[in-house]
Every structure is written in structure tokens, then in C-alpha cells.
Amino acid sequence: MRQLHFQTTDTKTKPAPKSRFKKTAHSTQLRTLLLVFLALLVAFGGWFLTKQFLHNQEARLLARSGQLHAAESGFSLRRQEGTPSGDAELSPASKQAARTQDQNTQNKNQKSATTKSSGPTDPLYEISLSEDTTAQILRCWASGTSLLSRDPKKGELSMEQAIDAGACWIQEMSQAGFLPASLSKNSFRDVSAALYTLEEKPDLSEYLLSRWIICYTIEGLRITLSIHAATGQVWQAEITAKSDTLPEPLLTEEEALLKAAFPFLAGGTEFIEELANQTYHICVTSEKNKIVASVQRSLYENEETNDAMVTLMLRSRE
């Protein structure tokens, strides 16, 4: 009789695999938070880099010829009424850039300058020009050569110095009675400034041919000055306003007006007769009679008021 053997195995129930749902959901949340963080990082990083780039561009524009808003005749500085000259509403980066450039320019010129300017205000740059050189520059200015705007270079006034030189000239003319007395406080709402040189350069150093053209505007009065960039002297002025707002000496006197506007001319006075209308006008000359200062007046009639324009200018005798 066959004996049967039965082998029994102890079978244990295997546990069911754990669900991966919780682990997957947790990973998804981490990825989502990471993506949100990266998006915010990119957004804020882009904003910061853009802001820094704009500050750098602003500083470059300020070092060149002004900032804050573009005017027709250059980069403009906007000031609040009553603020001192040269203190525009600038960002900290722009102020620092302007102070740095101004300090560097002054240090360079203190080393290279040897003689003092005979300009109408305290010399910003210690340089003087002979009558022959001044007459040659004036001939170049009057030649009709195209102008190019550029940054100040060595030997030239910075924007802030040029604005201060023009403001001092306006103050002195106001104190002399040729401009409204209110201008002696030097509180201008708008000042625009740009540095120009000649496109075609004769046999003269470029810094001698450059000029700052600065426009000061306040309460309907506009004063545009051409300031020689090396000496800081005002060589041309154009004053436009309602005729009834201008002092009478500005509209009637000639010799005293020209001597006040160009005090560095140490020459005499001459009378020039105009045969066409049987009138004459007075000119002031330099010591060697190579430079002539003259005044021209124009009156424009409008429906309500009359506007007057007075132009004071230097020119070469030749």
C-alpha cells in the first residue's frame, strides 16, 4: 500500500504595495512652489537690472548735457522755483555722477591753467584768449558751418559750470538795470543746455571752437546765451519777452548796455550810420579794434501784446 506524503507550505499573505499618490502629490507641490519662486526671481531680477541700466543711462546723459526731459535745444534741467542754480531734481546716482565729473574737470584744469580769464564773472577756467584768436573763433562761428552736439572734453566747462556762468551774467545784467530785478534772485523754472562744436574744424583746437547754448525761461521771459566753452564768457545773448515787461534801458540804451554785457572789451565806442533809414547805432570795440559788439532790436506785434527781441552779439571786424 503506497504511502502518500503531503508537503504543506506556510503561505503568508504579502502586504499590498503602498500607494504612491501621496508621494506624487507632494513632489508636484514642491515643483509648483519652485516654479513660482523662479518666476518671481526672474521678474524682480529683471526689474532691478532694468532700473540699474536706466540709472546708468541717466548718469551718462547728465554728464553730457542735462537730463530729465528732452527739449528742442538740448537736454533740459527742470528746477523748482527758488532752488539754487545747479540743484536740479536729480536722482542720487545722477547727482553723484555730476559731482564726480565736475570735480575731475576742475582738478584737470587747475593743473593746466596758467593765466586768468577776463570774463564778466569769476573765472571758472583760468584761460585767456588774445584778440586775434577771439576774432578767428568769431569768424568760424559766423561761417555757417554745421554744429555738432557732443560731451564736454578737457579744457571745456561742464554743464553745471556753464549754467552757473550764464546765471551770473543774468544776475549782473539785472543788477545793472538791463533785465528785470526779479532775475537777480536767479530762480529759473526751466534751463536747457547743450554743448556744440563745429563740424568742419579750422586750424584751431576743438575746445576753442566749442560753445554752450543755454536757454533760461521764467514767466514768459526767455534768455538764450552762447557761452564760450573754454573761457566762460558770454559772446551772444538773445532776450525775448513782452515789451512792456522789459526794463526801458534794455530797449533804448546802447553803449552802456553793450559795456555791461561784454565788460572784457576794453576798447572804444563808434557810431555807425545807416543811410537807408537815416539812423545810426553805437558799437563797442575791443582794445585793438578787432572785435565789435552790437545790439539789434526787433518788435513783433501780436493780437494781444507786443513781443520784443533784443540780441547782443560779438563779431570779428574782418
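The values are calculated or read from the model by the stated rules, or taken from the named source; none is laboratory data. Because the structure is predicted, anything quoted here is derived from the model rather than measured. Cβ coordinates were reconstructed from backbone atoms using ideal geometry, including for glycine residues, and neighbour counts include every protein chain displayed. These accessible areas exclude ligands, DNA and RNA; they are computed on the full protein's heavy atoms, side chains included. Shrake-Rupley method; radii C 1.70, N 1.55, O 1.52, S 1.80 Å.
Put LEU38, LEU195 in order of accessible area, highest first, and with a 1.4 Å probe you get LEU38, LEU195. Rolled with a 1.4 Å probe across the full set of protein chains, the surface gives GLU255 an accessible area near 70 Å². The label-point distance for ALA256 and GLU270, in a model that sets each label 7 Å from Cα toward Cβ, rounds to 2.5 nm.
Among the trypsin sites (Lys or Arg not before Pro) within the stretch 151-217, those in coil by DSSP and having at most 15 neighbouring Cβ atoms inside 10 Å are LYS153, LYS154, ARG189.
Please express the shape of the stretch 178-318 as an equivalent ellipsoid: the semi-axes are the square roots of 5 times the eigenvalues of the C-alpha gyration tensor, given largest first in whole angstrom.
In descending order the semi-axes read 25, 23, 14 Å.
What do you reckon, how do ASP190, ASP203, ASP244 stack up by accessible area (1.4 Å probe), largest on top? Please list the in-between numbers first.
Details: ASP190 45, ASP203 145, ASP244 120 Å².
Putting ASP190, ASP203, ASP244 in descending order of accessible area: ASP203, ASP244, ASP190.
Could you please report the charge total around TYR300, scoring K, R as +1 and D, E as -1 over all other residues with beta-carbon less than 15 angstrom from its beta-carbon?
Values: positive: ARG222, LYS242, ARG297; negative: GLU238, ASP244, GLU301, GLU303, GLU304, ASP307.
So the environment of TYR300 carries a net charge of -3.
Largest accessible area first, the residues HIS281, HIS26 order themselves as HIS26, HIS281 under a 1.4 Å probe with ligands, DNA and RNA left out.
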